[in-house]
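Structure first, commentary second.
Just so you know, all these numbers are worked out from the coordinates, no wet-lab data involved. Here the structure is a predicted model, which means the values were calculated and not measured. Counting neighbours? That spans all protein chains shown, and the Cβs are built from the backbone with ideal geometry, glycine included.
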Amino acid sequence: MSQRLLLVDDEDAIRTIATISLERIGEWTVVPASSGRAALEAIQDDGPFDAVLMDVMMPELDGPSTLQHMRDGVLPAHVPVIFLTAKIGQAERDRLLSLGASGVIAKPFDPMTLPEELQHILNG
Amino acid sequence: MNTPNLNHTKKASSPGPTAIAAIVALGLYLLVYLSWQFFHWLPGKQELGQAFLIPADMAALCATLLAARRCPGSRRLRSFWLWMSTAIAAETIADIFLLKYNIQYNEPPFPTIADAFFLSFYVLLFIALLRVPVAPVTLIKRLQILLDGAIIVFGGGAVVWYFVLGPTAKAGGQSTLATAVSIAYPVGDLILLAGLAALLLRRSPPTLKIALLLVAAGMLASIVADVVYGYGVLHDTYRSGDPIDTLYVLEFLIFALAGISQKPVHRGEDPALTDNWRQPDPRASWLPYITAPIGFGLLIGVESRRPFFPDLSLVLILTVIGGLVAVRQYVSLRELSRTERARRESERRSRAIFQNAGVGITVNDLEGPVIVDVNQTFSEMVGYTPEELRGGDFAALTHPDELETYQSLNVKTIDGFQREIRFLRRDGTALWGSLTLSLLRDEAGIPRYVIGVLQDITTRKEAEQVKDEFISVVGHELRTPLTSIRGSLGLLEGGVFGELPTEAASMIQLAVSNTDRLVRLINDILDIERMDAGRTELELAPVKASELIANATQIVQMTATQAQVTLATEILDDPVLFVDGDTIIQVLVNLLGNAIKFSPRWSTVTITVGLEGARALISVADNGRGIPADRLETIFERFRQVDSSDAREKGGSGLGLAIARSIVEHHGGEMRVESEIGQGSTFYFTLPIADASVTMLVCGHQNGETGTNADRLTELQAIAPALAPGIVLVVEDDPSLGEVLTKTLNHKEITTRLVRTAEDAVEEIRRSQPSILILDLMLPGESGFTVIERLRVEGPLNDTHLLVYTALDLNSGDRERLQLGSTEFLSKATTTPQDIERRVNELIQSQQNSVQRGAT
């Protein structure tokens with residue numbers, strides 16, 4: 001059975017592309033969520049997940065806030081959360097890692113290598 | 001230069017033993033003479049009285065001649081004393097002749113040759129007075145002095161005329177010559193009076209003050225004595241040796257004193273040139289107003305005795321005096337109103353400049369930041385009225401975050417202070433200003449006020465902020481759709497949805513490569529903006545050069561293989577660099593990317609690392625088409641490529657080299673290029689090297705990963721001296737922060753010392769050789785940079801770990817200047833005293849571990 005991944009991004013296009021990439025090139029089962037709130041609901045209703053891939057900049061509840069809610073007992077502590085961000089730079093990367101993210105993937109990502117990149121992070 | 005001069009003045013101002021002896025002798029002589037006057041212990045009143053004058057004359061003659069000898073430095077002064085002595089010589093000769101006549105005749109004849117010498121005394125003395133060095137004066141001032149002098153002379157003249165001159169002229173029964181000589185005496189007195197007026201009214205060097213006052217006193221004695229003598233002669237009551245002669249003796253003794261008081265004036269010490277001349281003595285200006293009332297008093301006295309026939313000549317003199325006084329008053333008032341007008345005009349001008357200046361200006365009291373005055377512009381900037389601000393507390397206008405900046409200011413650092421700083425407007429909004437401070441000193445040179453000139457740069461600051469935000473938002477907003485485009489294209493290109501027709505595939509490939517190019521361009525623009533704004537924090541760490549090169553070549557290997565270009569690495573030396581590794585890899589990737597792009601097939605791109613002086617030198621050489629000589633500099637500018645078609649063909653953003661050079665320069669290195677058309681180009685850049693102890697630490701770590709723990713510990717021990725047990729020295733001028741740091745750090749393993757100035761720091765380091773030095777940079781007087789520079793020269797800090805703890809934003813040049821031994825930079829903005837404590841504990845801990853393990 002393939003691993004389950006919760007994909008959180010407010011952009012339809014990116015959700016579509018990432019889903020195709022991760023399901024067809026990688027071997028993930030992707031559950032997409034269009035907002036932080038939807039993601040928290042999905043964990044309750046559709047869980048458990050093996051990993052979370054989440055955009056940083058989202059309306060209402062952004063990535064870091066959603067992560068905080070997840071870590072407040074919604075999501076088991078061992079489940080890795082990886083951020084997708086269009087803001088590059090070491091400072092931003094460090095900030096996200098300090099919030100408890102397992103890794104950061106920069107936008108734009110190459111859908112052909114995204115699953116590999118994700119796996120690399122998960123393998124530590 | 002100053003000290004010997006000062007000493008000299010000191011020596012000269014206290015009279016030497018010879019001078020004291022001379023003064024005592026003069027005093028004794030006066031006592032002897034006075035006792036003779038009272039008791040007549042020797043008979044022969046007339047001859048002896050005359051004889052007593054001669055030693056006084058002689059003393060004055062010698063003293064003035066010696067004074068002239070003491071003044072080779074000032075021609076005018078020497079000439080003054082020589083004329084004085086000539087005048088006194090004439091008097092001496094006259095007195096000797098008179099003594100002869102007094103001995104020869106019971107009733108000395110009149111006039112005689114003695115009178116000729118007596119009269120020449122007046123003229124010579126007057127000439128002497130004209131030789132006194134004086135300050136140049138304005139025309140109007142000269143007129144005033146002249147008028148004042150005339151009033152004094154006429155006032156004195158009224159007295160002389162009434163008592164002596166008039167009666168002498170009217171008295172008959174004498175030969176014409178005798179009458180003329182009789183008249184000449186009071187005229188001579190008037191000449192002396194004019195000279196005296198000139199002496200008192202003009203500005204003379206202050207160092208001559210005592211001598212000139214004595215000369216004036218002597219002259220006054222002479223004038224008074226002459227008038228009394230003249231009166232006595234007229235009424236036939238005077239004989240030589242009368243008590244009035246005392247004034248003559250006194251006159252010459254005073255002249256002698258004046259000569260003695262003359263301090264030596266050596267060559268190059270002309271008091272007229274070296275003295276700082278003061279304004280004319282204001283006391284002298286009321287002299288005319290004493291003489292005038294005397295004259296008028298006389299007139300009234302005469303009038304009351306002879307009501308119908310006033311002495312016409314006296315009336316004439318007094319009318320002249322009255323006229324002169326009136327003219328003098330008029331001139332003074334004109335002058336006063338003129339200067340007052342000029343002063344008011346200048347004040348009005350300054351005020352207008354102050355008020356209408358395009359910049360805000362405040363004047364603050366140095367003691368306590370109380371606002372003394374502000375201009376209109378300043379009050380408009382901060383939104384208060386000037387009345388509200390005056391007398392108010394400057395701190396109320398200061399943005400809370402900036403209070404610290406002001407606290408660090410002191411009298412030494414105020415002048416030349418210039419900073420972009422925030423203020424608080426009345427409505428609570430922030431005002432960004434460029435503030436320049438200067439000290440305003442009072443006449444004595446004591447700083448009293450601080451003048452602040454403030455330029456409103458809020459708009460610029462806001463624009464900068466908007467630009468930063470704009471670039472950041474654009475970066476992000478462009479990336480989001482690009483992510484979708486690139487993603488969709490990538491999936492198509494990757495054949496996820498099945499194979500595409502060849503033409504379609506090549507179109508997709510074109511779209512992919514151009515999307516990538518667009519992404520790179522956006523990244524580069526963001527990079528360079530961050531770099532320019534100084535927002536890139538370099539995370540400096542020791543790393544081997546070969547490691548960075550290996551990383552970079554790995555990244556570009558794929559591109560090189562595709563371009564059929566070979567990558568070669570030559571390691572002449574493998575220094576441990578002290579750099580931000582990621583950014584240096586970026587530089588290398590950039591240069592390698594360029595080199596690969598412009599290299600022909602089957603050629604080799606060579607990366608070389610070696611040493612250049614105390615720095616690492618890295619080069620990337622290709623065999624490409626080369627760069628024309630006139631483009632060697634411009635290629636480092638933004639959006640400059642050798643050929644504008646390169647951008648399209650080779651897919652570069654035109655920012656790569658600009659970013660690479662900027663990164664290298666932020667590290668304190670340099671980048672240059674050498675190239676020959678058709679032969680290829682070589683890009684060179686230099687980077688700072690970590691010092692020896694850090695190098696060992698890095699080697700230790702690296703070996704530790706592969707070798708045994710024991711190996712690693714042995715190597716760690718090698719750096720143990722760098723962390724020898726001992727003292728933590730805190731250099732911090734802010735008392736509260738200093739206290740917090742020492743309190744936080746002080747526990748049983750650590751001894752903490754606190755100093756507040758650069759000077760104390762250097763001394764304390766020399767004395768206690770601290771194992772850790774926590775250094776603030778902004779110190780009163782000399783800064784923390786000075787500490788490092790002095791230690792670099794003296795070199796006792798090899799074993800000390802340096803923590804630079806500062807509120808300053810350090811650029812790479814600053815960091816390089818501060819690099820000394822193991823150095824870390826901690827920003828006060830982000831590092832708390834607790835963080836410092838943690839770091840210090842880590843350092844101490846690792847030192848103790850290595851020492852303990854080393855011992856077992």
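What to note about this one:
- Near B:N375, the amide H atoms lying under 5 Å from its own belong to B:I361; only residues 5 or more places off or on other chains count, and H is placed 1.01 Å from N.
- Over 22 Å apart at the Cα level, from the set B:K209/B:K263; B:K45/B:K100; A:K107/B:K828, are A:K107/B:K828.
- Chain A: calculated mean residue ellipticity at 222 nm from DSSP helix runs of at least 4, using -39500 (n - 2.57): -10000 deg cm²/dmol
- Stretch gain in nm, segment B:T634-B:R792, where the contour uses 0.36 nm per residue and the Cα spacing is subtracted: 53.2 nm
- C-alpha center-to-center spacing [region A:13-28, region B:475-494] in angstrom: 13 Å
- From phi via Karplus (6.51, -1.76, 1.60), per-residue ³J(HN,Hα) for region A:9-16 in Hz, x at Gly/Pro: 7, 7, 8, 4, 4, 5, 4, 4
- Total charge dipole magnitude, the protein assembly as shown, about the Cα centre, Cβ charges on Lys, Arg, Asp, Glu only, Debye to nearest 20: 6060 debye
- Cα-centred dipole magnitude for region A:1-77, charges only on beta-carbon of K, R (+1) and D, E (-1), debye, nearest 20: 200 debye
- Nonlocal amide H pairs with B:A541, under 5 Å, H built at 1.01 Å: B:V579, B:D580, B:G581
- Spatial offset of region B:571-644 relative to region B:32-57 amounts to 109 Å, using the alpha carbon center of each.
- Diffusion constant of region B:101-166 at 4 °C, which comes from Stokes-Einstein with the Kirkwood Cα-pair radius and 1.567 mPa s, µm²/s: 84 µm²/s
- Residue-by-residue Karplus 3J(HN,Hα) for region B:805-817, coefficients 6.51, -1.76, 1.60, Hz, glycine and proline x: 10, 9, 8, 6, 8, 8, 8, 5, x, 4, 4, 5, 4
- Nearest-0.05 FRET efficiency for B:S313 and B:T176, computed from C-beta distance (R0 25 Å): 0.80
- Extended-chain gain in nm, criterion 0.36 nm per residue less alpha-carbon gap, B:R334 and B:V474: 43.1 nm
- Amide H to amide H, with H built 1.01 Å from N, B:H801 comes under 5 Å of B:I772, B:L773, counting only residues 5 or more places away or on other chains.
- Longest exposed-site-free window of chain A, the sites being GluC sites (Glu not before Pro) in a DSSP loop that have at most 15 other C-beta atoms within 10 Å: A:61-124
- Two-decimal ratio, region B:467-532, of alpha-carbon radius of gyration to 2.2 N^0.38 Å: 1.37
- 3J(HN,Hα) from dihedral phi, region A:100-110, Karplus parametrisation 6.51/-1.76/1.60, rounded to Hz, x for glycine, proline: x, 6, 8, x, 9, 10, 7, 9, x, 9, 8
- Nearest-0.05 FRET efficiency for B:K412 and B:I294, computed from C-beta distance (R0 45 Å): 0.20
- Where N is the number of residues in region B:14-108, Cα Rg divided by 2.2 N^0.38 Å: 1.30
- Förster radius 56 Å - calculated FRET efficiency between B:A504 and A:D72 (Cβ-Cβ, nearest 0.05): 0.70
- Rough spin-label spacing in nm, given labels placed 7 Å along Cα→Cβ, for B:I183 and A:D46: 13.5 nm
- Region B:167-186 and region B:544-563: distance between their alpha carbon centers, rounded to Å: 122 Å
- Taking each residue as 0.36 nm, the span from B:I140 to B:S513 lengthens on full extension beyond its C-alpha to C-alpha distance by 125.4 nm.
- Note on region B:562-623: Kirkwood radius taken over Cα pairs, Stokes-Einstein applied at 25 °C and 0.890 mPa s, translational D equal to 197 µm² s⁻¹.
- Most positive-pole-ward Cα, B:T553, B:I585, B:A563, against dipole of region B:487-594 from beta carbon charges: B:A563
- Viscosity 0.890 mPa s, 25 °C: Kirkwood-radius Stokes-Einstein D of the protein assembly as shown over Cα pairs, µm²/s: 63 µm²/s
- For chain A, the Rg and Dmax computed from alpha carbons only, in angstrom: 13.0, 38
- Here region B:66-144 is treated as an ellipsoid with the same Cα gyration tensor; its semi-axes, largest first and in whole Å, are 35, 17, 6.
- Debye equation applied to the C-alpha atoms of region B:456-591, log10 I(q)/I(0) at 0.09, 0.15 Å⁻¹: -0.46, -1.00
- Simple rule: put +1 on each Lys or Arg Cβ and -1 on each Asp or Glu Cβ in region B:328-462, find the dipole, and look at B:I414, B:W432, B:Y330; the Cα lying farthest toward the positive end is B:Y330.
- Cα-derived Rg to Rh of region B:438-492, Kirkwood definition: 1.64
- Unit charges at the beta carbon, dipole of the protein assembly as shown: most positive-side option, A:L7, A:M112, B:A178: B:A178
- Sparse-neighbourhood loop sites, chymotrypsin sites (Phe, Trp or Tyr not before Pro) in region B:409-443 - DSSP loop, at most 12 other Cβ within 10 angstrom: none
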